[in-house]
1. Going by what's in this entry, would residue 68 be described as modelled with pLDDT under 95, away from the ligand (no atom under 12 Å from the Cβ), in a helix (DSSP H, G or I) and surrounded by fewer than 22 Cβ atoms within 10 Å (Cβ to Cβ)?
2. Can you report the number of residues in the stretch 38-56 which are within 20 Å of the chain's Cα centre (by Cα) and either free of Cβ contacts under 8 Å to residues at least 40 places away in the same chain or near the ligand (Cβ under 10 Å from one of its atoms) (or both)?
3. Which of (1) within 18 Å of the chain's Cα centre (by Cα); (2) under 15 Å from residue 321 (Cβ atoms) does residue 225 not meet, given it meets every other one?
4. Report yes if residue 117 is on the phi < 0 side of the Ramachandran plot, within 11 Å of the ligand (Cβ to nearest atom) and among the aliphatic types (A, V, I, L, M), otherwise no.
5. Filter the stretch 298-329 down to the residues that are over 27 Å from residue 266 (Cα atoms) and within 16 Å of the ligand (Cβ to nearest atom) and list them by number.
6. State which residue pairs qualify: first residue closer than 10 Å to residue 113 by Cα and inside the stretch 82-99, second residue within 10 Å of the ligand (Cβ to nearest atom) and of a type in the set (Val, Ile, Thr) in any location, beta carbons under 8 Å apart, and separation of 6 or more residues or different chains.
7. Failed condition for residue 108, given (1) farther than 24 Å from residue 245 by Cα; (2) in contact with a strand residue (DSSP E or B) (Cβ under 6 Å, 6 or more places away or on another chain), with all others met?
Amino acid sequence: MTSTSPRDKTILRALQGEVLPTPPIWMMRQAGRYLPEYRATRAKAGDFLSLCYTPELAAEVTLQPIRRYGFDAAILFADILLLPQALGADLWFVTGEGPRLSTVTGAADLARLKPVAEIDAVLNPVYETVRILSRELPAETTLIGFAGAPWTVATYMIAGRGTPDQAPAHRLKDEDRPTFEALIDLITRGTIEYLSAQIQAGAEVVKLFDSWAGSLRGADFQRYALEPARQIITELKQRHPGVPVIAFPREAGQGYVGFARATGADCVALDNSVTPEWAAEHVQVDGCVQGNLASRHMVTGGEALDEETRRIVRAFSKGPHIFNLGHGITPDADPGNVQRMIDVVRGG
Ligand SMILES: Cc1c2[nH]c(c1CCC(=O)O)Cc1[nH]c(c(CCC(=O)O)c1C)Cc1[nH]c(c(CCC(=O)O)c1C)Cc1[nH]c(c(C)c1CCC(=O)O)C2
């Protein structure tokens, strides 16, 4: 295909509500350690953050899964923790363990962070990656930018690392609500500017990752998952009408119902704790959904992979759907199983 018309971009068509005979497909963490070519480029960069901040190399790893598999979307290679770093948090990655950050445990730590107006000084290389990608991607491939949602980013900024139950963030929320809410507000405003700059640089869709939304219950879910997403999406829609937003309130369960309507999101991404049949009935009624094959099938493969892939395609076939995993692909995945999933989705 040589045309650059948005009509050729199946991801954009699905996000506009079109029901396509074959769902477009991409994969969370599609650029990653399960690919030998990713490991080679990462070794060249030296470490993960250098890879994120070197536009030519970040663009290269973004393109690798497009070349290998021909996915319908490319997702900018970066990380949700670059925004906290741009806001003045210290950030480093411990090999084999994950991210570490300086912590926010009270008003004094919050006061040491930088104003939103200063984030571009750190994040400019990310925008440059987006510019390179919008030149180099095939005409039919949609470029997705992204950021973490405020609650998920806050859980890392408060604890200084990933936590199984987000306990430190819940504690700050319950014991020092003014500081917690000021942090959520700072991240919300930073995320608006960060995503807006990605769109200006050429991102055609943006996605908000709320990986830990599932640990917010009742009114907390409304206040700290739904409301910040609504604020971000409302402001982005005002500045960039027509640019679709995908929201991913992971493990929201019942909270998925009405989430798109309440926040203005064009699409809700589903994890695999909900069945596609339930989600078709209760979530897809409001528009496009994305998901939701369990990532472990990329490790285990076989007939179970084929069956579950077909089941998801079938369950969502009456409405707009983007095929994806329920969460990111893991480093132990077999690249052959990714091809097998794509063949089943595209070939029936
Ligand atoms: C929570 C979160 C993070 N980062 C992200 C989330 C939300 C999605 C989710 O729930 O998975 C999002 C993210 N991280 C990365 C992308 C790039 C685009 C993509 O291919 O999806 C995206 C969209 C690259 C990455 N981000 C990271 C890697 C692995 C780093 C490496 O190469 O060693 C990649 C490819 C590191 C990272 N970054 C983060 C953690 C907890 C870790 C360590 C765990 C791990 O190693 O998988 C924070």
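1. Considered against the rule, which asks whether it is modelled with pLDDT under 95, away from the ligand (no atom under 12 Å from the Cβ), in a helix (DSSP H, G or I) and surrounded by fewer than 22 Cβ atoms within 10 Å (Cβ to Cβ), residue 68 comes out as no.
2. 5
3. That leaves (2) as the condition not met.
4. Taking the combined requirement at face value, the residue does not satisfy it.
5. Correct list: 298, 299.
6. 84/153
7. The failed condition is (2).
Every residue, every condition in (1) hydroxyl-bearing (Ser, Thr, Tyr); (2) surrounded by 24 or more Cβ atoms within 10 Å (Cβ to Cβ); (3) in contact with a His (Cβ under 8 Å, 6 or more places away or on another chain); (4) part of a loop (DSSP other than H, G, I, E, B), yes or no:
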| position | (1), (2), (3), (4) |
| --- | --- |
| 190 | no, yes, no, no |
| 196 | yes, no, yes, no |
| 203 | no, yes, no, yes |
| 207 | no, yes, no, no |
| 214 | no, no, no, no |
| 234 | yes, no, no, no |
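The values are calculated or read from the model by the stated rules, or taken from the named source; none is laboratory data. Only a predicted model underlies this, so the values are computations on that prediction, with no experimental measurement involved. Glycine also receives a Cβ, built like all others from the backbone with ideal geometry; neighbour counts cover every protein chain displayed.
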